[in-house]
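Contents: one structure, followed by commentary.
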Amino acid sequence: MSDAKFTVYFIGGQNPGANHSDTIEELEKVGARLVPVPRYETEEEIIEHTADADALIVSEAPITRRVLSSYDHCKAVLRTGVGFDCIDVPAATDNNIAVINVPDLWTREVANQAMMLLLAINRKLLEQERSVRENRWTPRISAPVGSLHTETAGVVGLGRIGSAFARRIKAFEVDLIAYDPFISDEAFEAVGARSVSFDELLEQSDYISVHTPLDDGTFHLIDEDALRKMKSTAILINSSRGPVVDEQALIKALQEGWILGAGLDVLEQEPPDPTNPLLGMDNVVLTPHAAHYSELSMALRPRRYGVEVAAVLDGRQPMNLVNPQVMEVLPLR
């Protein structure tokens, strides 16, 4: 589109096999062109190669205050997932830029993955599967093995995904408790969870599943102090963001038996260093930040990216505006 009114850069959009046709179709409705570029790792690269941006679509890139302040007419930055910790949201607001995320297209997938990780640890799936393959047919599971029903499951964060997980684990006849200081009593009631303090959740839960965003308040939320408060038979599940859990503290907790096991879809360093002790632990199940994935969720994303960015470029409010304060200076009807 040579006469495009707007230029939208997709940082990291040059992945082999990427199909942007649905994104392009939606952007063209408002006179915008899409420019897929590599995944830039530095501020300098982003500023150099996207200087004329009217909007950005980013998966993982350092969208810092320096980057955001460099634009003359950028109106929107869309993060292609739930978390937006790679974007300096206050800086975006200060520069009249809308920040958009896409929190709802894979809610069920992530909740399912968290449930799968919990069951894999609880039922010691890897141990059982390995024994069969190694010709050790032993029809029992090494203790301890919780029953789930009659036990206590704790959910940290009752947003979309946390609530979806809560509904799933509730079906296993657990006593369900949750911690989330930012939601109403009705949200707890809707999933059949009892509201407790963070310390109460740590102390009472046999299973803890973490579903919080990553921000200053949740960085290393699960730290050494938190892990020491958990039961020695407790299982920790994290499918939110790696740095929500202090990984070094978790390694120590698993090595020294403060908790029984962990199921992790996210790590502080991704991919992990080959020397990471978690890779050699039998009481840990790891998956490669893939909880979001299904063929349906993947198919829905490209059009949604285009719809959301096109809305802002056209002066309309997107479905998921992270910084609603920006509407005071960026008129969106």
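Structural remarks
- A straight Cα-to-Cα reach below 22 Å connects LYS170 with the lysines LYS124, LYS231, residues fewer than 8 places away in its own chain not being considered.
- For segment 260-333: Kirkwood Rh in Å [reciprocal of mean 1/r, alpha carbons]: 16.0 Å
- Percent of alpha-carbon pairs separated by more than 19 Å within segment 1-81: 30 percent
- Fraction in percent of alpha-carbon pairs per bin - 20 Å, the chain: 29, 51, 19, 1
- FRET E, pair GLN325, MET281, Förster distance 45 Å, beta-carbon r, rounded to 0.05: 0.55
- In this label model, LYS29 and LYS252 are separated by 5.3 nm, measuring between points 7 Å along each Cα→Cβ vector.
- FRET efficiency for the SER294 to GLU186 pair, using the beta carbon distance and R₀ = 30 Å, is estimated at 0.55.
- When peptides 238-246, 274-282, 67-75 are sorted by average Cβ neighbour count within 10 Å, with the highest value leading, the order is 238-246, 67-75, 274-282.
- Heavy-atom surface of segment 1-131, accessible at 1.4 Å and reported per residue (Å²): 44 Å²
- Between SER197 and VAL145, the simple spin-label model (points 7 angstrom out along Cα→Cβ) gives 3.7 nm.
- Of the residues ILE57, ILE100, ILE251, the one that moves most in a GNM of the chain with alpha-carbon contacts below 10 Å is ILE251.
- Surface share of carbon and sulfur [accessible, 1.4 angstrom probe, percent] for the chain: 50 percent
- Largest to smallest accessible area among ARG108, ARG168, ARG79 [probe 1.4 Å]: ARG108, ARG168, ARG79
- Segment 119-214 - Rg and Dmax from Cα coordinates, angstrom: 15.9, 52
- Taking the inverse of the mean 1/r over every pair of distinct Cα atoms in segment 165-289 gives a Kirkwood hydrodynamic radius of 15.0 Å.
- Estimated dipole of the chain in Debye, rounded to 20 [Cβ of Lys and Arg +1, of Asp and Glu -1, Cα centre]: 1080 debye
- The chain: relative contact order in percent, alpha carbon pairs under 8 Å with at least 6 residues between: 19 percent
- 20 Å tail of the calculated P(r), segment 8-151, as % of Cα pairs: 60 percent
- The charge dipole of segment 212-333, taken about its Cα centre with unit charges on the Cβ atoms of Lys, Arg (+1), Asp and Glu (-1) only, comes to about 540 debye.
- Estimated at 0.36 nm per residue, the fully extended path between ARG303 and ARG133 surpasses their Cα-Cα distance by 56.8 nm.
- Solvent-accessible heavy-atom area per residue, rounded to whole Å², over segment 156-274 at 1.4 Å: 43 Å²
The values are calculated or read from the model by the stated rules, or taken from the named source; none is laboratory data. Here the structure is a predicted model, which means the values were calculated and not measured. Glycine gets a Cβ as well: all are built from the backbone with ideal geometry, and neighbour counts include every protein chain shown. For accessibility, only protein heavy atoms count, side chains too; no ligands or nucleic acids. Shrake-Rupley method; radii C 1.70, N 1.55, O 1.52, S 1.80 Å.
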